[in-house]
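Down below is the structure, laid out as structure tokens.
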Amino acid sequence: MNMTIKQTILKFSPNFVVREYLKFKSRWRMRGYEGYDVECPVCESTFRIFASAGNPLRENAKCMKCDLAERGRLMWLYMNKKTDLFKCNSKIKLLHFAPEKIFYEKFSNPQHIE
């Protein structure tokens, strides 16, 4: 087992310390993207630009807060504008295989989605 110093520290640290470290790391990483030029429709965060992502690397692709790339943001816009998924009052059943974390949170909250 060849673990780096960072992996060793994280392994033996209490969970709350690891969570605080990851929050700090996330906030620190977003500093270079502060601005109001682009907005993520899912988490409603604004940035100067979106982060680069993918292989090959695509510029202006990924939201720094919810980690969604273009496909996820497009899917969210489609569900909001072209379907009545969030507007209907009757109960509906929704099946989404391996949803992104932000989608899981958004789909878990509405009372009309089972």
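Where a number appears in this text, it was derived from the coordinates with a stated rule and is not lab data. Since the model is a prediction, treat every value here as computed from it, not as a measurement. Backbone-built Cβ (ideal geometry, glycine too); neighbour counts: all protein chains shown.
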Running a GNM on the chain with Cα contacts under 10 Å, which residue among I92, I102, I49 ends up with the highest mean-square fluctuation? I92
Looking at this model, which pairs from K6/K62; K62/K101; K23/K106; K11/K65; K62/K82; K11/K62 are more than 18 angstrom apart at the alpha-carbon? K6/K62; K23/K106; K11/K65; K62/K82; K11/K62
Using the crude model of +1 on Lys and Arg Cβ and -1 on Asp and Glu Cβ, and no other charge, please compute the dipole size for the chain relative to its Cα centre, in debye to 20. 240
Please name which of F24, N89, Q111 has its Cα lying farthest along the dipole of the chain towards the positive end, using unit charges on Cβ (Lys, Arg +1; Asp, Glu -1) and the Cα centre as origin. F24
What translational diffusion coefficient, in µm²/s and rounded to a whole number, does the Stokes-Einstein relation yield for the chain at 10 °C and a viscosity of 1.306 mPa s, taking the hydrodynamic radius as the Kirkwood radius over Cα pairs? 95
